[in-house]
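K.L.:
Quick one: this structure, given as structure tokens, is what I'll be asking you about.
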Amino acid sequence: MTQDQGIGMFPQLLGVSQFLESHPAVTDVKFFDKAGVTKAAVAKWELSNQPFQLPEDLASFLAISDGLLLKWSILLNRSPIQGIGNTHINSLAQITRYDDQSIEEGKTAFVLDGTPSMYGKVCLLYEKDRPYSPSIWFQSLSCSWHFVAHTFTDYFRLLIMHLGLPGWCHTYTETGLPNVTEEWFGFLSPERFHIDRLKGYRSKNQKQPPLVDIEKLSECLDKGTTALSGTTSSKNDDLHQHQQTNGKLPPGGGGDKKRRHNSYSYGSMKG
């Protein structure tokens, strides 16, 4: 299987890869193809971790690709800055039980992604009476837990939309994204950046993701203002202007309004 065939198995991921490859400030986009696991391997994992079962959507994903890794770098001053983008999901063997005092009694966690760029751990969190249907939670470096998604499918969609930026799951915490991630996210994908700002962090009690006021989103993008947070997209334009003035971004690196509205073409507004 070639790299193009491998990534082509995931249309959303292919869209993100094409978006990144076409962006003048992004370089070294690499997808690491992984063969899928067998049903026997999944059965062995479940036998070793009884009574817990992998959710059907995650098992189907692993049957296609045993984990996921898409990496990319930023081009600054004509030199690549490595390790900015790291879209990652653990292989089956790496989805191991995570024992920590911060986990509530009656719940069990398995690590879905614990790479350093996450600034924490993404886990499948099982409740005692539901050993077959985990939700996805993020444990920050402060050891606090934050709900991210009801299913692996929903989490996968969010992972793709956030481009694998460092600490992207912090957008679903009360503290929000790290400053550097916020600036790069606002530069690369201002539409999704503003969607996250307008939604705020998630609650497990929400059966569906919070709806976005499209008119308010358009107003934010047109006027460069995020009404709820007080953060302005002009901050990201200033970042672009500063970097381009200093030769740190190639010409046309994303400051004009047309690019701002087109940069989100790889993903859905849902999620």
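The values are calculated or read from the model by the stated rules, or taken from the named source; none is laboratory data. Just so it is clear, the structure is predicted and the values come from calculations on it, not from any experiment. Cβ: placed from backbone, ideal geometry, glycine included. Neighbour counts: every protein chain shown. Heavy atoms of the whole protein, side chains included, go into the accessibility calculation; ligands, DNA and RNA do not. Shrake-Rupley method; radii C 1.70, N 1.55, O 1.52, S 1.80 Å.
K.L.:
Test residue 59 against the criterion of being touching a Gly at 6+ places or on another chain (Cβ under 7 Å) and open to solvent by 10 Å² or more (accessible area, probe 1.4 Å), and give yes or no.
P.N.:
Details: touching a Gly at 6+ places or on another chain (Cβ under 7 Å): no; open to solvent by 10 Å² or more (accessible area, probe 1.4 Å): yes.
Criteria not met by residue 59.
K.L.:
Is it the case that the stretch 73-90 has a residue that's small (Gly, Ala, Ser), on the phi > 0 side of the Ramachandran plot and open to solvent by 30 Å² or more (accessible area, probe 1.4 Å)?
P.N.:
Initially, the stretch 73-90 is screened for residues small (Gly, Ala, Ser), giving 73, 79, 83, 85.
This time we only want the ones that are on the phi > 0 side of the Ramachandran plot, so: 83.
Applying the additional criterion that residues be open to solvent by 30 Å² or more (accessible area, probe 1.4 Å) yields 83.
Checking the stretch 73-90: at least one residue is small (Gly, Ala, Ser), on the phi > 0 side of the Ramachandran plot and open to solvent by 30 Å² or more (accessible area, probe 1.4 Å).
K.L.:
Also, quick follow-up: Pairs under 7 Å by beta carbon, first residue in a strand (DSSP E or B) in the stretch 104-126, partner among the acidic types (Asp, Glu), six or more apart or different chains?
P.N.:
Final answer for the pair search is 107/127; 122/113.
K.L.:
Tell me which of these residue 41 doesn't satisfy, since it passes every other one: (1) under 24 Å from residue 124 (Cα atoms); (2) in contact (Cβ under 8 Å) with a residue 24 or more places away in the chain; (3) not in a helix (DSSP H, G or I).
P.N.:
(3)
K.L.:
Just a yes or no: is a residue in the stretch 145-152 surrounded by 16 or more Cβ atoms within 10 Å (Cβ to Cβ), under 19 Å from residue 16 (Cα atoms) and out of contact with any Lys or Arg (no Cβ under 9 Å at 6 or more places or on another chain)?
P.N.:
Pass one, the stretch 145-152, residues surrounded by 16 or more Cβ atoms within 10 Å (Cβ to Cβ): 145-152.
If we keep only those that are under 19 Å from residue 16 (Cα atoms) too, we end up with 152.
Checking which are out of contact with any Lys or Arg (no Cβ under 9 Å at 6 or more places or on another chain) leaves us with 152.
Yes, some residue in the stretch 145-152 is surrounded by 16 or more Cβ atoms within 10 Å (Cβ to Cβ), under 19 Å from residue 16 (Cα atoms) and out of contact with any Lys or Arg (no Cβ under 9 Å at 6 or more places or on another chain).
K.L.:
Another question about this same structure. Return the only residue of 158, 165 being assigned to a helix (DSSP H, G or I) and closer than 24 Å to residue 11 by Cα.
P.N.:
Working: 165 fails: assigned to a helix (DSSP H, G or I).
Checking each option against the conditions leaves just 158.
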